[in-house]
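To keep things clear, I will list the structure first and then write my remarks on it.
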Amino acid sequence: MFDLDRTVGVEEITKRNLELSISPNPCLNSCTINYRSSQKLPEVKLRFEVVDLNGQTILQSNLSESNSNLYLAKLDLTKYPSGMYFIKIFNSCCVSASKFIKQ
């Protein structure tokens, strides 16, 4: 039997204050993904994807925790053409996205 009177915890997601940044932006041949949470995230692997304007995933990997609540990944973009790209971070509660430019 299903309990339909239960509310989903949207409030829990917004309280985490997730921050995604790419630096430098625009970048030349490499950049760093910085993903910060105001709280410790559950013990799950954070996965990221870099997507081009055609919707093709060109890179994907896991983020590693650098210190308390800060996750990092260095991107080597030397073999990709100049243009705009999107980064998507997948965690246990949501997907964060941002864009960056490779010169």
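The values are calculated or read from the model by the stated rules, or taken from the named source; none is laboratory data. All figures in this text were calculated on a predicted structure; none of them were measured in a lab. Cβ sites come from the backbone with ideal geometry, for glycine too, and all protein chains shown count toward neighbours.
Couple of notes before you dig in:
- Arg16 surrounded by 13 or more Cβ atoms within 10 Å (Cβ to Cβ), among the basic types (Lys, Arg) and at pLDDT below 75: yes
- Counting only strands (runs of 3 or more DSSP E) wholly contained in the stretch 45-103, the ones carrying 1 or more residues that are among the polar types (S, T, N, Q) and surrounded by 12 or more Cβ atoms within 10 Å (Cβ to Cβ) occupy 57-67, 95-102.
- Looking only at the stretch 49-90, residues that are at pLDDT below 90 and aromatic (Phe, Trp, Tyr) come to 2 in all.
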